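Below is one structure, written out as structure tokens; comments come after it.
The values are calculated or read from the model by the stated rules, or taken from the named source; none is laboratory data. The shown structure was predicted, so the numbers you read here are calculated from the model rather than taken from an experiment. For neighbour counting, all protein chains shown are included, and Cβ atoms are generated from backbone atoms with ideal geometry for every residue, glycine included.
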């Protein structure tokens, strides 16, 4: 689970953990996700497909909670094929209950953002929000519809409804080229097995198979518990994994929470520890903090402990994974927000709105100068990083079991529990 505003490094960590699991699943979100992985000198970005595809003999499942754009899905399949990674009915299954992103959903997304003007939420404009709106409004098209009679009738009816909405927005947008690609993508999807994934996943668990659920976005973007309205359109927390895969709470074994050694955020919304100075720019440039999906520069700031504790609580985190402390190398000192001050009073809790008059209270840590990207043993890490890690563990009560020290899959330090 991502414990911040997304971009924590979930894709890489899933790839690192995959050898210990037989099945890798995605349970929510869609092509607004951008999970980056690097190995053998190459960088890959996945938007819809689980990050277990780079490990042989793994079964990957796209769950019912995911929303799928056939164009992006087909492009992703072809991109992987170009790299020698063949996905087929044997290693990728798709839930019949996952919802389809229509070309007109993308237009509605753009129209809605344009209508908001200065109060826009920073959507990726991939059609995610309108698709989830149709899902909860009981108007949506699901993957199972494409293999049943009447699909074209449902498609045309929903498209006409969307065009009426676009007229209300006075929004003009073209979709003809995209629509053709969309139907080509539908044929690519039809070449895979569309399954009742909730049955398949529960049977796999009954058979003793280990399953890893891969989250998208992050806890602070959760539709219920994130910094509303600057959030995504799905539940990004552990509970979302249950509804997005069709699992009972008792099925959850461990919850691995991933966080950056600092914080980033893409798009609009409150960010109490954001840095508007040279250190914020240092983090952005050294950490290559640009959106994998949008390319937009990420806002950067110090680690926020009240928000991290909140995410740990919501997700039931049993172990923590820290990413990108290598970006802090070279700073003489850096900070961590230990609590907030609101109207002169200290609090460890997130208020109803992070847009309230929040003053972060910081603790300073001594930095280190050495490049840590080549370190693989915990004992070889700088003492200053160990002190930072120990402080976070003490404050959260949760052990840090993995530290990622670079983008490559090999750049990890495993810590014995």
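Below is a table of values for the structure above.
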{"quantity": "Among (1) modelled with pLDDT of 95 or more; (2) farther than 16 Å from residue 188 by Cα; (3) surrounded by fewer than 22 Cβ atoms within 10 Å (Cβ to Cβ) - the single one residue 66 does not satisfy", "calculated": "(3)"}
{"quantity": "Residues being out of contact with any helix residue (DSSP H, G or I) (no Cβ under 8 Å at 6 or more places or on another chain), farther than 20 Å from residue 249 by Cα and modelled with pLDDT of 95 or more - total across region 291-321", "calculated": "3"}
{"quantity": "Only listed residue being loosely packed, with under 15 Cβ neighbours inside 10 Å, at negative phi, more than 17 Å from the chain's Cα centre (by Cα) and modelled with pLDDT of 95 or more, chosen from 197, 191", "calculated": "191"}
{"quantity": "Elements of type strands (runs of 3 or more DSSP E) contained in region 1-63, each with 1 or more residues being under 23 Å from residue 199 (Cβ atoms) and at pLDDT 90 or above", "calculated": "23-26, 59-62"}
{"quantity": "Strands (runs of 3 or more DSSP E) fully within region 274-371 counting 3 or more residues that are closer than 17 Å to residue 4 by Cα, touching a residue at least 12 places away in the same chain (Cβ under 8 Å) and out of contact with any strand residue (DSSP E or B) (no Cβ under 9 Å at 6 or more places or on another chain)", "calculated": "none"}
{"quantity": "Selection count, region 133-156, where residues are part of a loop (DSSP other than H, G, I, E, B) and surrounded by fewer than 20 Cβ atoms within 10 Å (Cβ to Cβ)", "calculated": "6"}
{"quantity": "Filtered residues of region 243-273 (kept if assigned to a helix (DSSP H, G or I) and free of Cβ contacts under 8 Å to residues at least 12 places away in the same chain)", "calculated": "249, 250"}
{"quantity": "Test: residue in region 91-100 that is in contact (Cβ under 8 Å) with a residue 40 or more places away in the chain, touching a helix residue (DSSP H, G or I) at 6+ places or on another chain (Cβ under 9 Å) and in a helix (DSSP H, G or I)", "calculated": "no"}
{"quantity": "Residue within region 329-340 that is over 17 Å from residue 307 (Cβ atoms), at pLDDT below 95 and out of contact with any helix residue (DSSP H, G or I) (no Cβ under 8 Å at 6 or more places or on another chain) present", "calculated": "no"}
{"quantity": "Sole residue being crowded, with 19+ Cβ neighbours inside 10 Å and under 30 Å from residue 356 (Cα atoms), chosen from 246, 185, 215", "calculated": "215"}
{"quantity": "Selection count, region 384-393, where residues are closer than 15 Å to residue 328 by Cα and in contact with a strand residue (DSSP E or B) (Cβ under 9 Å, 6 or more places away or on another chain)", "calculated": "5"}
{"quantity": "Within region 394-416, tally of residues that are surrounded by fewer than 18 Cβ atoms within 10 Å (Cβ to Cβ), in contact (Cβ under 8 Å) with a residue 40 or more places away in the chain, under 17 Å from residue 381 (Cβ atoms) and out of contact with any strand residue (DSSP E or B) (no Cβ under 6 Å at 6 or more places or on another chain)", "calculated": "1"}
{"quantity": "Selection from region 1-23 of residues that are buried (at least 24 other Cβ atoms within 10 Å of the Cβ) and within 23 Å of residue 202 (Cβ to Cβ)", "calculated": "1, 14"}
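Table: residues versus (1) closer than 30 Å to residue 351 by Cα; (2) in contact (Cβ under 8 Å) with a residue 40 or more places away in the chain; (3) assigned to a helix (DSSP H, G or I).
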{"residue": "162", "(1), (2), (3)": "no, yes, yes"}
{"residue": "172", "(1), (2), (3)": "no, no, no"}
{"residue": "212", "(1), (2), (3)": "no, yes, no"}
{"residue": "232", "(1), (2), (3)": "yes, yes, no"}
